[in-house]
Amino acid sequence: MPANMKDVAKKAGVSVGTVSRVINQNPTIDPVLRQRVEKAIAELNYRPNTWARSLVNDVAPCISFVLSNRSFLHPVHSRILQGVEEYCDAAEYFVLYSRLRYRRETASAELDLPRVLRSHGIADCVILAGTNFDNLVEALEKQQVPFVLLANNFVTHGGRVPVDQVRWNDVAGARAATEYLIELGHREIWYIGDASLPWLRAPLEGYQKAMEAHGLDPREQIAALSDNGFLNGRASVDMIVERNLPMTAIFADAEVAYGAWEALRLHGLKVPGDVSMVVLGEQEGWSDVVPLTYVSVDLVETGRQLAKMAIEKMKSPGARFPEVVVPMDLIRRGTCRPQPITKTELVEAPVTSRAPEPLSGTK
């Protein structure tokens, strides 16, 4: 359990009131007593409860939004931060933004953490966005720094108990997208994306489940042919076409999908006339290109849920909160076409034409 004010008082040999006055920088405290209390705070790694202290001092508490290993200009994370700020502003909490670059291989004790994670009292809860690894989580837990995690981009060796985190349901979203293509009559559906990346590996699972449920063989190009998503999509389609492999539909994330579309164009194939296409996630940054049918997530709502959980953790130090899962919706943009029914199919399985079943919450 994290140390509390009574633990500090006992170790320093002073009263709880003295500890409180030191924390609140009361100028009447004897310098010797102050030094003893500060030493005890450091040794116990005690973090004062900013939320409780703010009720006494009428100071707005603060949450730190730490973006790891990503650019602030990344549209996904800027929208998430927007949601965090909106929720915190309504609840009268400050938000501190900080960037962090670190390597997965660095030992947790050797991480060069930003000041908001090293200093007591600056922010009493941290929102971890961007791409994060086990070593940062281990470092924060050792320092008893409360945090909530954006779980979709979390890379872990040993798994993680689903607590103190928010994620969108990309497995279910990918499955719904694949089901939609199957209901349109597609059988040769390709999943393209670098499966070594967690945000592309989880959708692969949803795609595989849908294909398996319909007795279809998955067609996957999941080895990265380029570290750039657009170029990876382009090279993957080049390879599929050059090898004359059957392909009537593609499911991929936005960057990969637009690279795939460019390759199809260069091979004289049209979307959706020849190949249907569905994108996972938002298409911001591709506003000058025709929008594709996609599986959408409310990123601003994701940010609000992260902020809500962070505030709850500040109010209940040491408590664990079950993960929050934000749903995804299928948004149709006309880039998918039904496959023509062959005479053989008509004889073997005559059906009446019907529209695909809508995904719950579909717009």
Residues being loosely packed, with under 13 Cβ neighbours inside 10 Å and at pLDDT below 95 - total across segment 238-269: 0
Some residue of segment 246-255 being within 24 Å of the chain's Cα centre (by Cα), assigned to a loop (DSSP other than H, G, I, E, B) and of a type in the set (Ser, Thr, Tyr): no
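Can you find a residue in segment 217-232 that is under 24 Å from ILE341 (Cα atoms), modelled with pLDDT of 95 or more and among the basic types (Lys, Arg)? Even if it seems obvious, please write down each step before you answer.
Here is the first cut: in segment 217-232, the ones under 24 Å from ILE341 (Cα atoms) are 217-219.
From what's left, modelled with pLDDT of 95 or more: 217-219.
This time we only want the ones that are among the basic types (Lys, Arg), so: 219.
The answer is yes; a qualifying residue exists.
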Per-region count, segment 227-245, residues in contact with a Phe, Trp or Tyr (Cβ under 9 Å, 6 or more places away or on another chain) and part of a loop (DSSP other than H, G, I, E, B): 1
Wholly within segment 110-217, helices (runs of 4 or more DSSP H) carrying at least 3 residues that are of a type in the set (Val, Ile, Thr): 170-183
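Quick one: count up the residues across segment 74-125 that are of a type outside the set (A, V, I, L, M, F, W, C), more than 22 Å from GLU43 (Cβ to Cβ) and at pLDDT 85 or above.
So in segment 74-125, the residues of a type outside the set (A, V, I, L, M, F, W, C) come out as 74-75, 77-79, 82-83, 85-87, 89, 92-93, 97-99, 101-106, 108, 110, 112, 114-115, 118-121, 124.
Applying the additional criterion that residues be more than 22 Å from GLU43 (Cβ to Cβ) yields 74-75, 77-79, 82-83, 85-87, 89, 92-93, 97-99, 101-106, 112, 114.
Filter again for at pLDDT 85 or above, leaving 77-79, 82-83, 85-87, 89, 92-93, 97-99, 101-106, 112.
Of the residues in segment 74-125, 21 are of a type outside the set (A, V, I, L, M, F, W, C), more than 22 Å from GLU43 (Cβ to Cβ) and at pLDDT 85 or above.
State yes or no: is VAL278 in a helix (DSSP H, G or I), of a type in the set (A, V, I, L, M) and at pLDDT 95 or above? Before you say what the answer is, go through the steps one by one.
Details: in a helix (DSSP H, G or I): no; of a type in the set (A, V, I, L, M): yes; at pLDDT 95 or above: yes.
So VAL278 does not fit the description; no.
The values are calculated or read from the model by the stated rules, or taken from the named source; none is laboratory data. Please read all numbers here as calculations on a predicted model, not as lab measurements. Using ideal geometry, Cβ is built from the backbone for each residue, glycine included, and neighbour counts are taken over all protein chains shown.
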